[in-house]
Each structure stands twice: as structure tokens, then as C-alpha cells.
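Inspection log for the structure reproduced underneath, given as C-alpha cells.
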Amino acid sequence: MAAADRAIRSRLPLVDLVLEVRDARVPAASAFAPLRRRSPEPDRRRLVVLNKADLADPSQTEKWMAYMKQTSCSCVALNSHSREGIKELLNAVRAKIREIKLGESDCTGTVLLVGIPNVGKSAIVNAMHRIGRIGAAEKGKLKHAIVSSHPGETKDISGYKVASHPNIYVLDTPGVLSPVFFNDESGPLLALTGAIKDSMMQEFEIAQFLLAILNSRETYKKWENMNQAGDMPSFSHAMSSSSHHNKRQYASDHTQDFVVKAVRQVLFDSISSFKGYLENENELKSLIECQFIALQEAFRVSADLSEDVRKLVAMKLLNLYRTGRLGRYTLDCAPDVRKEIVS
């Protein structure tokens, strides 16, 4: 990362536009540190992309967009797997390049794509390259950046042509994470969203942090009527009838709908029946401990396994959160625009 950091810093003054990708669930914590340390003045050569907007709270994303606009920072929120979202981003990039190049149509623009690990930079550049190539006069060879759900897969800086008239080239860069994240409150947020490897912070501790968040939010109330008539069958019913109705339903697959619903039911029952105070650290820990025991049954994790049972439950729970199966959560609240103006 240190080598990548130096390489990125050396290119920042040389490119026309910096495309900073953040995770829409943690827009503040996922900000790119080298850009934080630059001039606080508005930078018209920077465009912020809030990726994974499909996993974030839509109302909070709108507030973050308003905040960015208020601070004179161009911003686009999208899901890198959405064709329409990528087209919107390409149009925004074209407009910025034309603005920077003073309206020239046949110019060449360079864009540096930066961000912390696992925010979707490579997925974005692949989609931009694929869609931009369709409209290009010269197709050329289609390149692919390595895309992975694990952080740290991009090792080198690679260039991709994403548009013609003007010609635009994007440089995809490795994710760079500030070494101070362990010492501030952004560490747990980045671990929860998968920006750092789970092995750097114990999965059980990350899952505990997730449950603390779920317990303090109102999303669980939406799951109250999940098993009423017309809805999907409950976990126990699905377990008894799955072999008769759908042979592809496996209790060991935690992504199956009936298992996800069982997990939601456990969380709803445990939170709604809790009579203590979430502000009390000991009572919160007691609630989380009870939830882990109940989730072990919901996930059908056998206590007889030689592996760490808590770790298995934690890994399954984290996967459901990271894929949006437990709801859409924004963990960084947007700053109050009115307060920012006053200050």
C-alpha cells in the first residue's frame, strides 16, 4: 500500500480529473486519505462516486448528495452493476472533462480512479470500459480489471479507454487505506463493510458491532409481519417441507430465503422483547450473547463442529449484511448542511 500511495500521489497533479470512489454506507469513513490532506478549497478536478448505493439507506444517500453539493463537490451515487448508473457516471465524467478542457470536443482527458480497498473501483472501471467501448468508433480489445469481494486484489495501476469525443482514459489504482484507521472510530465501520480483511479484526467482534447497530435501528420493525399468510413460510415450516417442495433448498446455505427470514425473525423477536437499556453496555452485551445463541439455530450451525461455532455464525451474519439481505444501512450520518453553512 505504501508503494501504491506514492505512485498515486505522483500522478495526482498530472491527470485532468480525480474520480474518488467511496462506499455509500460509510461516505465519511471511506474517504480517500491522500485527498483529505490536500487543500480544503473546492476542487473542480474531483468527482466523488458513492458506490453500493443499493446497500445504503436512500434517505441518507440523498442527504450526503445534498451535503456534497453544498460543499461545491460534484457527486454521483450509483450501483456499479447498474447500466443506467454507469451511463450517468460516464456523462458526468464527460461533462467534467469538457469543462476542464474549456469545451474542446476532440481533446484527450485522463482520469485517476482512487479509493480505499473494496469500494468497487475495478467493477466501475470495467463497466465504464464496456459501455464506453460500445459507442467508440474503434473497438479495440476489451480489458478487464480484477474484481473480487475481498480487499487488495488490484496490485498495479492500469489504463482503460472509456469514451470517445472526447477521448477519456481512466487509470485504475490499488486501494490505499490510511494506517491510522485502527486508532479511530472508522476502523469498525470499514471492517463491517469489508474494506479491510476480516482476519485483521476477529469476525466475532465485527458481528458484535453489527448486532449493536441492528439493535439500535428501527429496521427490524419492518420484519414483524414476515410470516403472516401470503408471505414466505417460516423457518421451521420450510425445514420440514423443503425436501418435498423444493429439493434445492439447503439449510446449510445461509443465503436461502427461508434461512434469511429465520434470521430476521430471530432478530425481530430478540429486539422487540428486550426490556433493558441499550445504552447500558452490560445489558447490550447480554442481548448480543442471546442473539448469537439463537442465530446458531437459525443458521443450523451444529455445536458439534470442530470449528469455532461463533466464528461460523459471525461469518454468515456478516455476509447477509454485506449483500443487503438484512436491510439497507448507512453507518455514517450526513452532516447537517445548515450547520455547515453557519460555521
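Once the whole set of protein chains is in place, how much accessible area is left on Asp57, using a 1.4 Å probe, in Å² to the nearest 10?
Only protein atoms counted, so the area is about 50 Å².
Whenever you get a sec, compute what percent of the accessible area on segment 1-117 sits on carbon and sulfur atoms (1.4 Å probe). Could the numbers behind the result be given before it?
Working: 2660 of 5340 Å².
For segment 1-117, the apolar C and S fraction of the accessible surface comes to 50 percent.
Can you list residues from other chains, or at least 5 along the same chain, whose modelled amide H is less than 5 Å from the amide H of Ala163?
Under 5 Å from the amide H of Ala163 lie the amide H atoms of Ile168, each far enough along the sequence or on another chain.
The values are calculated or read from the model by the stated rules, or taken from the named source; none is laboratory data. In this text, all values refer to a predicted model and were calculated from it rather than measured experimentally. What goes into the accessible areas is simple: the full protein's heavy atoms, side chains included, and nothing from ligands, DNA or RNA. Shrake-Rupley method; radii C 1.70, N 1.55, O 1.52, S 1.80 Å.
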